[in-house]
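The values are calculated or read from the model by the stated rules, or taken from the named source; none is laboratory data. A quick note: this is a predicted structure, and the numbers were derived from the prediction, not measured. Cβ coordinates were reconstructed from backbone atoms using ideal geometry, including for glycine residues, and neighbour counts include every protein chain displayed. Just so you know, the surface numbers come from the protein's heavy atoms only, side chains and all, with ligands and any DNA or RNA stripped out. Shrake-Rupley method; radii C 1.70, N 1.55, O 1.52, S 1.80 Å.
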Amino acid sequence: MPMSQKQTPPMNPRDKTYSSSIEEATNYMEWLADMARPHLGERVLEVGFGHGALNRKLGPFKEYLGVDLDDDAVEQARQTHPGEEYLAADIAGQRFTEALGERRFDTILCYNVLEHVPDDAAALGNMMRALRPQGRLVLFVPAMPTLYGDLDRLAGHHRRYTLSVLATLLSDLGSVVRLEYVNPLGGIGWWANSFRKHRSLDSASVNWQICVFDKYGVPLSRALTPLFAKFFGQSILCVVKK
């Protein structure tokens with residue numbers, strides 16, 4: 001089995017696959033937004049919009065569409081943000097681009113989503129087809145298969161990626177303009193957590209770690225990322241131009 005394809009055990013669909021503190025991790029969310037800003041166009045598709053914190057920092061856009069597989073999440077987003085458009089769709093499904101109609105986008109944001117999709121190659125192909133010519137797909141995925149542990153299982157991750165695996169998946173789909181590891185301190189913290197048994201991503205312990213890391217770790221990890229970008233990080237940032 002390739003290192004990027006480590007399978008997770010079945011999960012209860014009612015399990016929460018993220019920590020509630022992440023929405024309030026302002027330094028970290030600003031960092032994620034800063035990575036996306038240079039690549040944003042006027043028409044944006046966000047895949048797996050989650051709690052919506054990224055959209056709030058980056059918008060408003062001339063055109064915005066949020067897509068998620070979870071019907072309940074889509075309905076909640078429509079009620080909470082009636083001025084925006086949301087759609088329930090499977091990004092790996094054969095009818096994904098059909099669900100979008102004739103619309104094509106300048107930018108597709110896919111942050112911490114691809115690792116949840118069993119057929120990541122199909123999802124990547126669909127997203128690239130949903131881009132306009134010269135449009136950009138901004139991917140953010142968990143890195144380093146050796147870091148896979150309880151936190152990944154609880155999050156519903158099928159895999160963690162390496163630069164080479166991601167580059168191979170994208171080799172026939174577009175031009176990779178940025179591909180690097182991000183957040184080395186977060187990677188060390190994720191590794192340290194592999195020695196502890198975790199039963200929930202929304203536990204007091206995990207949320208406390210997020211709060212402390214956001215306040216003290218993010219500024220240092222941002223400064224260190226350029227030094228580690230080619231060989232280690234908790235995540236990978238990848239930008240692909242159609």
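One table, with the values for the structure above:
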| item | result |
| --- | --- |
| Prolate/oblate/rounded label for region 63-151 (Cα gyration tensor, a/c 1.5) | oblate |
| Inter-probe distance in nm under a simple model that places probes 7 Å from Cα toward Cβ, at Arg178 and Ala122 | 3.0 nm |
| Per-pair calculated FRET efficiency, R0 = 35 Å: Arg129 and Gln79 via Cβ, rounded to 0.05 | 0.70 |
| Percent of beta bridges antiparallel (DSSP, region 20-241, rounded to nearest 5) | 40 percent |
| GNM flexibility winner over the chain from Ala223, Ala167, Ala121 (Cα, springs under 10 Å) | Ala223 |
| Probe 1.4 Å - accessible area at His116, Å² to nearest ten | 60 Å² |
| Ala167 versus Arg56: modelled label distance in nm, points set 7 Å from Cα along the beta carbon direction | 3.8 nm |
| Equivalent ellipsoid semi-axes, region 20-241, via Cα gyration tensor eigenvalues times 5, rooted, Å | 27, 20, 17 |
| Fluctuation leader among Asp152, Asp71, Asp120 - the chain, Gaussian network, Cα springs under 10 angstrom | Asp71 |
